[in-house]
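Read the structure below first, then the notes.
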Amino acid sequence: MLLALGLSTEALAQERTAVRQGFELKSGSGRRVIVFRPKVSVGAQSTGGLFEPNAEWTELARRNMNAALAKQQASLGNTIVEAPDASGDQALLVEEYLNLFDAVSQAVVNYQFFVGNRLPTKKRDNKAGVFDWSLGEGVRDLPGARDADYALFIFNKDAYGSTGRKLLQIVAMLGPRIAVKAGEHKGGAGLVDLRTGDLLWLNADFAMGGDVREVDGAEKRVKQLLEGFPGSEATSAPAAVAAR
């Protein structure tokens with residue numbers, strides 16, 4: 001029944017933040033952070049819980065989030081540079097790493113942060129305050145990587161509940177009293193070491209606020225994603241691993 005209603009451990013997860021053990025980035029350190037444009041997907045959630053992409057919504061959200069990110073960069077506390085425009089094989093490489101960051105972020109949430117799914121090794125890591133994930137040394141080949149110390153990756157996915165999904169939500173509550181979520185709003189932001197590929201900081205939230213199709217909503221979303229960014233002038237860096 002739960003599978004039929006499209007429920008998952010991801011839907012139950014909330015915000016989690018983690019920092020790699022021993023990593024610290026102070027404001028004004030002179031370190032250069034290259035920012036890649038966020039990977040953005042926006043669409044509808046079908047009655048059965050499937051994601052149905054909407055190109056118009058996605059393009060609108062992408063523009064809004066890019067503008068919000070540019071506006072927020074001044075508060076990040078270090079030298080922030082935008083990734084250079086890429087084409088051909090370089091553009092494909094950037095897309096591959098944005099997808100990889102998305103996948104790794106979700107694996108972190110599912111297998112280290114979320115109690116019910118923790119892998120045995122990640123249970124031990126949490127007890128020892130260890131956060132050990134990587135995108136691999138291939139990040140060195142990304143455009144602009146040789147002129148920066150770190151890379152900031154962001155992914156964002158919004159699925160707005162369809163009419164059918166909302167009706168199912170009502171029926172499920174009135175009948176078997178099963179909670180069905182209408183809509184999915186998740187994202188993650190991560191800082192990666194461009195020498196090693198290590199994931200140094202991650203902020204992931206699978207129950208985000210703000211409608212990214214609106215300017216104000218996108219600004220709210222970006223602030224949520226960058227909350228606790230290491231060296232940020234607005235907020236301080238979190239403890240080594242803040243996961244429950």
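Could you look through region 16-41, keep only residues that are charged (D, E, K, R) and modelled with pLDDT of 90 or more, and pick out the one that is nearest to the chain's Cα centre (by Cα)? Here the residue is K39. Being closer than 22 Å to T17 by Cβ, free of Cβ contacts under 8 Å to residues at least 24 places away in the same chain and aromatic (F, W, Y), is that true of even one residue in region 117-136? No, region 117-136 contains no residue that is closer than 22 Å to T17 by Cβ, free of Cβ contacts under 8 Å to residues at least 24 places away in the same chain and aromatic (F, W, Y).
If we scan region 134-152, do we find a residue that is at pLDDT below 95, surrounded by fewer than 19 Cβ atoms within 10 Å (Cβ to Cβ) and within 22 Å of P53 (Cβ to Cβ)? No: region 134-152 contains no residue that is at pLDDT below 95, surrounded by fewer than 19 Cβ atoms within 10 Å (Cβ to Cβ) and within 22 Å of P53 (Cβ to Cβ).
Condition check ((1) open to solvent by 10 Å² or more (accessible area, probe 1.4 Å); (2) at pLDDT below 90) across all residues:
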residue: T163; (1), (2): yes, yes
residue: G187; (1), (2): no, no
residue: D205; (1), (2): yes, yes
residue: E219; (1), (2): yes, no
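For beta carbons closer than 6 Å, sequence separation of 6+ or different chains, a first residue in region 62-73 that is touching a residue at least 60 places away in the same chain (Cβ under 8 Å) and a second that is open to solvent by 60 Å² or more (accessible area, probe 1.4 Å), the qualifying pairs are N64/V215.
Checked against (1) open to solvent by less than 40 Å² (accessible area, probe 1.4 Å); (2) assigned to a helix (DSSP H, G or I), N99 meets all criteria but (1).
A single entry from A44, A55, A86 fulfils the requirement of being over 18 Å from the mean Cα position of the chain (by Cα), surrounded by 14 or more Cβ atoms within 10 Å (Cβ to Cβ) and under 15 Å from D158 (Cα atoms): A44.
Tell me which residues, restricted to region 134-151, are assigned to a helix (DSSP H, G or I) and in contact with a helix residue (DSSP H, G or I) (Cβ under 7 Å, 6 or more places away or on another chain).
First, pick out the residues of region 134-151 that are assigned to a helix (DSSP H, G or I): 137-141, 145-147.
Answer for region 134-151, where residues must be assigned to a helix (DSSP H, G or I) and in contact with a helix residue (DSSP H, G or I) (Cβ under 7 Å, 6 or more places away or on another chain): V139, D141, A145.
The values are calculated or read from the model by the stated rules, or taken from the named source; none is laboratory data. What you see is a predicted model; the values in this text were computed from it and never measured. A quick note on method: Cβ atoms are made from the backbone with ideal geometry, for glycine too, and the neighbour counts reach across all protein chains shown. SASA here: full protein model, heavy atoms, side chains in, ligands and nucleic acids out. Shrake-Rupley method; radii C 1.70, N 1.55, O 1.52, S 1.80 Å.
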